[in-house]
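Visitor: Structure incoming, see below.
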Amino acid sequence: MTNLTFLLKNKQAKQFFYWAIISSVVVLSLFYVSHSSNSLALASFTYIIIFDFFCLLNGILNSWARAQLAKSSFTFGFKRFEVLSLFSSAILTILASFFVIKEGFEYLFDEIQVHTSRLIPASIFAFLFHTFLILGVKNDSLDYVINSSSSSWLQEHFFDISETTCRIIPFFSKLLLPRMNPILLLGFINFVTIAGSFLLIQLGSSHMIDVYAALLIATTTIGTMTPFAIFTGKILLQTTPSHLITQLDKILREASTLDGVLEFRDEHFWTISFGVLAGSLHVRIRRDADEQLVLAHVWHKLAGVIHHLTIHVFKDDWIRRTTHQLVYSQSNLNSFSASTGNFKANSNAIQNSKHPNTDSDFVIINP
Amino acid sequence: MNDHSKQPRRTSSFALNDVVHLLILLLVSKFLKSFGIYLCYDLLKHIHIVQLLFFSLLIAALFYLLLQRPFSNPGTSKKSSTLSKIQYIRLFKYSSFQVFIKLLWLFGLTQCGPLRTTLIFEQSEFVVLCAIKAIFLSQTNPSRTRGVFLLLVGTLVLFAFDHDRLQAPSDHPEGHHGIISHLFYVLISWFQVSDHKAGIILLVSALFLQIGFNHGSLTKVLITDLGGHKRLKALSTVFSAIIIAPWAIFNLFTNIIDPSAYTSLATEDSELLTSQTEHSWLYYLLPTLLVSLFIYLIDFYVDSYVSNKTESNFAAKHGSIFVFTASVGLSFIWNYPHLVKVMVMDKIKTIIEQEHALSWGVIIAYFLFVIATHSLSSPLISHKGSFIGYSSVGSPLYSLTGENLKKTSMSMVTVTKNILREIISNTDSRKIFYFLCLNLMFTFVELTYGAFTNSLGLISDGFHMLFDCSALVMGLFAAVVSQWKPTRIYSYGFGRVEILSGFINGLFLVVISLFVFAEAFMRLFEPPEIKSEKLIYVSFAGLCVNLFGIFAFSHAHSHGGISDDSHAHSHSHSHGHNHSHGPGNCSSSENDNMRGVYLHVLADTLGSVGVIISSFLIQQFGWYIADPLCSLCISIMIFLSVLPLLKHSSSVLLLRTPENKEKQFKNLVQKILNVEGVLSYRDDHLWQLSSNNYVASLHVQISQDAYEQLVSSQIHSILKELKLNNLTLQIEKKIFFQHLQGLGANLGQIDNANVVYRQDNLNR
C-alpha cells in the first residue's frame, strides 16, 4: 500500500507508470492483431515491445529502490534490484524468442495463411512506439547496460557494414560510425524484416516467408539480448569486473610494497550494482608491523575504487595459537546473555556530518 | 592514393591505376570462360560427355605442349627433362583425379545448366577455404561471419527456392550412355531429388573434392617436384587426355554421335534431335576448340598472371565476382543460339525456352554470392591478440594471450572426453546427464516415428520435448560449471552459477506457464476438435520417462548439497574457522539448480497427465472443453510451484541476508559486542554465495588498548556457528581514522548510519 502511494507521489515513477500502462495496452493490441492475422513475425516483434515494457517496470523499481533505506535483510542496499530486474527482462525476452523459434519450427510442417491487411500498419506503429520509448523515456540503468555491455553481433555487423559504406561515402560517417543503440537497431531491423516479408507475400511468394521472418527476428532478438544478459548475469555471479582487473592489480601491487605487508589473500571484488563495487581482502602482515597503519594505507588505496570495502589484517602466529587457547575464554564470553540492546545512530546526525557520540572514547573524525 | 602507389608494397588496397589493366584482363577472361561454359553446355547436347572432355583436353594439351614445353623443361637445368617413374605414377594419380572431377563437373552442367554451374563451381578456392576456416577453426571477424552466412543462405536458396521439374525423375532416361551416367541416374532416382538439386549436390561435392585435393599432399609434392604450377597443369592436362582417350575412343566406336542427352530436353525428344544432329566433325570442331581455349587455357594463364601481380585474394575475389556477373548477363541473351534451332523445329520451342531458365532464386543467390565473396575475402585482422608495438621493419606486433593459443591446441575428441569425465564425476550432473540422454532418446524415437508415419502431432510434440531438453542442458551446464575452480574474475568460484541457473529455469517455467495459460484461455472460447488416439500413447510413454526423472531428482532434491562439500573446501586455506558440514545440515541446504530441473520435470509430468486426462474425457464424454481447462489448471499449478524457487534464488542473487541464518547472525553480532575491547560494529554483511556457502564481512571498532588479533580470533570463534566460508573482519581503532585523515582519505564511505554501539559504552 505504501508502495502504491509512493508510486503516485514520485514524479519519475509516475511517468514510468503511465508509460508502462500505455505500453501494456499496445502490447495487448499487438498480440490481438498478430493472433487475428496469424502472423508469427509480428508476434515475435511484440516481444521486443514487451522488453520495453519490462524496462519501464525496471524504471519504476529503480525509483522505488532509491527511496528505500538499507534494511537489515538487504545489507547492501536495494540498488541491486535493478541488476536483477534487467537480467530477468533480458532472459524473459530470450526465452520468449526461444518460444517463437520452437513455434516457427512447428509451423514449418504446417500450411499457414497470413492475413496481411493489418500487418503493415501494426508493425509501423510498433516500430514507432518502440523507437519513441527507447529515445523518449530516459532509463538510466538500461543506458548504463547498453553502454557497458559488449556489443551484440548485430551491432558488430552493422558497424562493419557502415564502416565499409563510409569508406565509399565519407559523408555518412557522422551518422553511421558511432556505436548504435542495439535496441533501436533491433527494432529497425525487425521492422525492415516484417516489411520485406509483407512485400514478398504481396509479390506472390509463399506465406511461409512469415515464419522465416519470425525466425530471423527471434534470432536477432536473442543476439541482442545475450550481451545484456551476460553483462548483468556476471554482476549477479559476483565477478570482478574485467575492466577493473588491471587497475586493481596495480593498486594491490603498490600496496604490497608497504612496510610490513607480507601477502594478500582472498581478494574478492565484485559489483553490487551498476558502478557500485564491493570488496573484501585479507592481508597477512609481519608480526611486528603496525596493524592500524597498514590497514589505513591499504584501505586508503582501495577506497577510491571500491565502495564497500572490508580488509582483514592478520598475523600468522595468532591464528595458530588462538585456535587452541581461546576456546575457553570464548566459551566464557558466550555465556553472557546477548540481550544487551543496541543504539542505532541517528541518520540525521550524519547528514550534519557530526558524530553523534562525541562523549564516547571512540571518535570518528570526519573530514 | 597516388603517393602510395609509388611504393611497391603488397597492401590490400591497390591504386586503381595499377590494377585497372589487370581488372580488364580478368574481366575479359572470365567473360570468355563463362561463354565457354555456355558453349560447352550446348555442345553437350550433341556430343557425349567423355568425348567432349577428351577432345577439349586434347586441344588444351596440344596448346600446353606448344606453350609450356613441359617435357623439355629448360628452366630448371638441374632436373632431368625426363620424369622419373614415381613422378609418372603421381602424375597419373593426379590426372585421373582431375578427370574424375571434370566428369562430375560436366554431369553437373548437364543437370543444372551453365548459370547454376558457374554460381556453384566457380566459387574461388580462397573464399571457400576462408568459409571453412571460419566455421571450423573460428578464424573469423564480423564480415567473414556474414560472408559465411550469406554463402550458406545463397546455396540454400539455390537449392530450395529454385523452380524445378515438379516430379523427380523416377527412372533414368532410356538410351545409350556410359556406365558413369547410368550410375549417376540411379543415384538421383535413389535420393528422389530433382535435376537441379542433384546437379547442385554434385557440383558442391566436386568443388569440395577439388579444393581438398588441391590442398592435399599429392599436389604440393607434385608442384615442388615438377617446378611450378604451370608445368604441372600442362603435364596433367596431357595425362588427363591420355587417360580419357581409351574411353573416348571406345565410345566413338560403340555409339556414333549419340545425342544421348543427359538433358531433360533431349530425353523427351531424342528422335527429333537425332535426325537433326547428323553433322560432320568439322561442325563441332570450332566450338570444342573455343571451349577448350576459354575454359582451360586463357582462364588459367590470366589467373596466374593476375595473382602473380597482386595478392592472392585479389584475383580470387574479382575473378569469381566477374564470372558470376558474366554468367548472369549471358543467361539473359543466350537464348538466340537456341532460337535458331527453334526455327528449324518449332515443335519443341517452348521446351527449350523453359529449360534451366532464370529464376528469382538464382538472381537472389547471385547477389548473395557476390556479397559473400566480397566479405569473405576481406582481410582477417586478429582482434584477440593485443597490439604491442611495431617491429623494426615497421609491421605491427601482436601478443596472443594464452587463452587464444589454448583454444586451437585441443582436439574435439579430447574436449568431449574431458567434458564427459567432468559430467560423470559429480552426482548432480551425472543424474541430469542420464536423464537428458533418456529424454533425448525418447524425443528422437518420437521424431523419427512421427516423420515415418507423417504425423504432425508427434513431430510437434517431439519439438516440444526438444525445447524442454534445453532446460535440462542448462541445468547440466550449471552443475558442471559450478565445480570449476575459482579464477581471477570468478574469485568466489563458480558455485553461484547454480543459483543463476535455478533462477533462469524458474523464469523459463514462468514463461511456459504463461504461454500455456494464454493458449488455453484462447481455446476456452473456441475449443478445437482434437484427434488424440496416437497422442495418448505418446504422452503415456512421456509420463513414464518423466516419472522416472521425478524419482531420480526428488532423491537428489532432498539430499542436495552433499556434493558441494568438496567445493567448500576450496576456500579453506586462509582462515582458521571450521567448516565441516555435518550430515544434519544437509536438509537445510537446497540446491537451486537441481530444484529448477526438478520443477521442470514435474511440469512436464503434469503436462502428460493433463493430456491423458483430457483425452480420456474427450473420448469418453466428448467434452472438448476439458482440454483447455486442464491446461489452465496445469499452468496455474506450474506457476505457483515455481514462485518459491524464484523467491529464494532471487533473494540469494540480491545478496539478502539468508532467512534461515538471519536471526542467528543478529544474535551472534550482539555477542560480538560483548567481547572485551569491542566498542561498536558497522557494515555487517552476511550473504549466501551458493547453495551451501555463506560469506560474511564486518567492521569492528575496538578500544585503543585492545589487541587486534585477540579480538579477531574471538570473533572468529563466535561466528564459527554460522559455518561461514569466508569471513572478513576489519578491526579498526581510533588511530586508524587518524591515519586515514593524515593520508587525506575520503571518509565518505565510512557511513556512520549503521554503526552499532555497545550499550555499556554509551552509558559510560
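Visitor: Solvent-accessible area of B:LEU297, probe 1.4 Å, all protein chains present, reported in Å² to the nearest ten, please.
Guide: Its accessible surface works out to 10 Å², give or take rounding.
Visitor: Further question on the same structure: At a Förster radius of 35 Å, what calculated FRET efficiency corresponds to the Cβ-Cβ distance of B:HIS21 and B:ILE89, to the nearest 0.05? Show your work: numbers first, answer last.
Guide: Numbers: r = 42 Å, r/R0 = 1.19.
Computed FRET efficiency for B:HIS21 and B:ILE89 comes out at 0.25.
Visitor: Here's another thing I want to ask about it. Restricting to bridges with both residues inside segment B:659-757, how much of the DSSP beta-bridge set is antiparallel, in percent to the nearest 5? Can you show the working numbers first?
Guide: On the way: 11 of 18 bridges.
The answer is about 60 percent antiparallel.
Visitor: Consider a paramagnetic label point 7 Å from the Cα of A:ALA67 along Cα→Cβ; state which residues of segment A:133-161 have an amide N under 19 Å from it.
Guide: A:138-141
Visitor: Rounded to the nearest 10 Å², what accessible area does A:PHE159 show when all protein chains are kept and the probe is 1.4 Å?
Guide: Only protein atoms counted, so the area is about 90 Å².
Visitor: Pulled fully out, how much extra length does the chain show between A:LEU199 and A:THR219, if you take 0.36 nm times their separation in residues and subtract their Cα-Cα distance?
Guide: Values: separation 20, 0.36 × 20 = 7.20 nm, distance 2.10 nm.
Answer, rounded to one decimal: 5.1 nm.
Visitor: Give me the accessible area buried between chains B and A, both sides summed, with a 1.4 Å probe, in Å² rounded to the nearest 100.
Guide: Working: alone 40850 and 21870 Å², together 53340 Å².
Buried surface at the B/A interface: approximately 9400 Å².
Visitor: Right, here's the next one. For every other residue with a beta carbon closer than 11 angstrom to the beta carbon of A:ILE285, add +1 if it is Lys or Arg and -1 if Asp or Glu, then tell me the sum. Write down the numbers at each step before the final one.
Guide: Numbers: positive: A:ARG284, A:ARG286, A:ARG287, A:LYS315; negative: A:ASP259, A:GLU263, A:ASP288, A:ASP290, A:GLU291, A:ASP316, B:GLU708.
Around A:ILE285, the surrounding residues sum to -3.
Visitor: Using a 1.4 angstrom probe with every protein chain in place, what is the largest-first accessible-area order of A:THR221, A:THR75, B:THR145? Before the final figure, lay out the partial values.
Guide: Details: A:THR221 0, A:THR75 30, B:THR145 65 Å².
So the residues, ranked largest to smallest area, are B:THR145, A:THR75, A:THR221.
Visitor: Right, here's the next one. Can you put A:ARG66, B:ARG144 in order of accessible area, largest first, using a 1.4 Å probe? Could the numbers behind the result be given before it?
Guide: Working: A:ARG66 145, B:ARG144 20 Å².
Highest to lowest solvent-accessible surface, that is A:ARG66, B:ARG144.
Visitor: Residues of segment A:22-38 with the amide nitrogen closer than 11 Å to a label point 7 Å from the Cα of A:HIS115, along Cα-to-Cβ, please.
Guide: A:33-38
Visitor: Pull out the extension gain between B:LEU285 and B:SER554, defined as 0.36 nm times the separation in residues minus the alpha carbon to alpha carbon distance; nm, one decimal.
Guide: Details: separation 269, 0.36 × 269 = 96.84 nm, distance 8.16 nm.
Between B:LEU285 and B:SER554, full extension yields an extra 88.7 nm.
Visitor: Additional query: In nm, to one decimal, how far is the A:SER24 label point from the B:PHE136 one, both placed 7 Å along Cα→Cβ?
Guide: 5.4 nm
Visitor: In segment B:476-504, which residues have a backbone nitrogen under 18 Å from the label point lying 7 Å from B:VAL415's Cα in the Cα-to-Cβ direction?
Guide: B:477-478, B:480-481
Visitor: May I ask for the distance between the Cα centers of segment A:51-128 and segment B:104-128, given as a whole number of Å?
Guide: Using only Cα atoms to place each centre, the spacing works out to 47 Å.
Visitor: Provide the gained length on full extension for the span A:GLN15 to A:LEU128, in nm with one decimal, where the gain is 0.36 nm per separating residue minus the Cα-Cα distance. Mind dumping the intermediate values first?
Guide: Working: separation 113, 0.36 × 113 = 40.68 nm, distance 1.90 nm.
Contour length minus Cα-Cα distance gives 38.8 nm.
Visitor: Find the centroid of the Cα atoms in segment A:136-163 and in segment A:266-306, then give the distance between the two in whole Å.
Guide: Cα centroid to Cα centroid, the span is 34 Å.
Visitor: Moving to a separate point now. About the Cα centre, and with charges only on the beta carbon of Lys, Arg (+1) and Asp, Glu (-1), how big is the dipole of segment B:659-757? Nearest 20 debye, please.
Guide: Values: 9 positive and 10 negative charges, 35 e Å.
Charge dipole of segment B:659-757: 160 debye, to the nearest 20.
Visitor: For segment B:87-135, what does the alpha-carbon gyration tensor say about shape, rounded, prolate or oblate, given a ≥ b ≥ c as the root eigenvalues, a/c under 1.5 as rounded, and a/b over b/c as prolate?
Guide: Values: a/c = 3.54, a/b = 1.21, b/c = 2.92.
Oblate, because a/c is 1.5 or more while a/b does not exceed b/c.
Visitor: For segment B:659-757, take N as its residue count and report Rg(C-alpha) divided by 2.2 N^0.38 Å.
Guide: Cα-based Rg divided by the globular estimate yields 1.12.
Visitor: Taking K and R as +1 and D and E as -1, what net charge do the other residues with C-beta under 13 Å from the C-beta of A:LEU215 add up to?
Guide: Working: positive: A:LYS102; negative: A:GLU103, A:GLU106, A:ASP210.
Every neighbour counted, the sum reads -2.
The values are calculated or read from the model by the stated rules, or taken from the named source; none is laboratory data. Not measured: the values here are computed from a predicted model. With ideal geometry, Cβ positions are generated from the backbone for all residues, glycine too; neighbour counts draw on all protein chains shown. Ligands, DNA and RNA are excluded from the accessible area calculation, which covers all protein heavy atoms including side chains. Shrake-Rupley method; radii C 1.70, N 1.55, O 1.52, S 1.80 Å.
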